[in-house]
Amino acid sequence: MDSSKYDIMNSTASTAAEYIRKLYKVEKDLEKSKASTNEIYKVRQEKSIPILAKYNKWLETQIKIFLTIT
């Protein structure tokens with residue numbers, strides 16, 4: 001594998017990990033706050049779903065990119 005493909009893959013992995021870290025932070029904050037079931041639902045709707053939507057859009061873009069370079 002040439003270095004440019006490696007750099008792209010490394011950057012992609014870092015970005016994916018950042019989305020996952022954001023999701024874990026939401027869950028960790030909820031755990032620390034001892035939130036009720038209703039509060040957990042509300043926070044996930046307000047914070048996690050937008051993160052997941054951005055992550056999904058980013059993943060769809062990555063698929064298109066990787067299909068063109070492989």
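The values are calculated or read from the model by the stated rules, or taken from the named source; none is laboratory data. As the structure is a prediction and not an experimental result, all values here were calculated from the model. Neighbour counts are summed over all protein chains in view; Cβ atoms, including those assigned to glycine, are modelled from backbone coordinates with ideal geometry. Remember, those area values only see protein heavy atoms, side chains included, never the ligands or the DNA or RNA. Shrake-Rupley method; radii C 1.70, N 1.55, O 1.52, S 1.80 Å.
Pairs of Lys residues in the chain, spaced 8 or more positions apart or belonging to different chains, with C-alpha separations under 18 angstrom: 18 in total. Spacing of the modelled spin labels on GLU46 and SER14, each 7 Å from Cα toward Cβ, amounts to 3.2 nm.
Share of carbon and sulfur in the accessible area of the chain stands at 59%, probe radius 1.4 Å. Considering only VAL43, ASN10, TRP58, and ranking their Cα positions along the charge dipole of the chain that arises from unit charges at the beta-carbon of Lys, Arg, Asp and Glu, the one farthest toward the positive end is VAL43.
In the list (1) 30, 24, 22; (2) 30, 26, 17; (3) 50, 19, 10, the label attached to Cα extents along the principal axes in Å as derived from the coordinates here is (3).
Full extension of the chain between LYS54 and ILE69 gives 3.1 nm of extra length, using 0.36 nm per residue less the Cα-Cα distance. Here the sum of -39500 (n - 2.57) over DSSP H runs of 4 or more residues, divided by the residues of the chain, equals -29000 deg cm²/dmol at 222 nm, to the nearest 500.
To the nearest ten degrees, helix 3-33 and the longest principal axis of the Cα atoms of the chain are 0 degrees apart. Could you state the angle between the C-alpha long axis of helix 49-69 and the longest principal axis of the C-alpha atoms of the chain, as a value from 0 to 90 degrees rounded to the nearest 10? Its long axis makes an angle of about 10 degrees.
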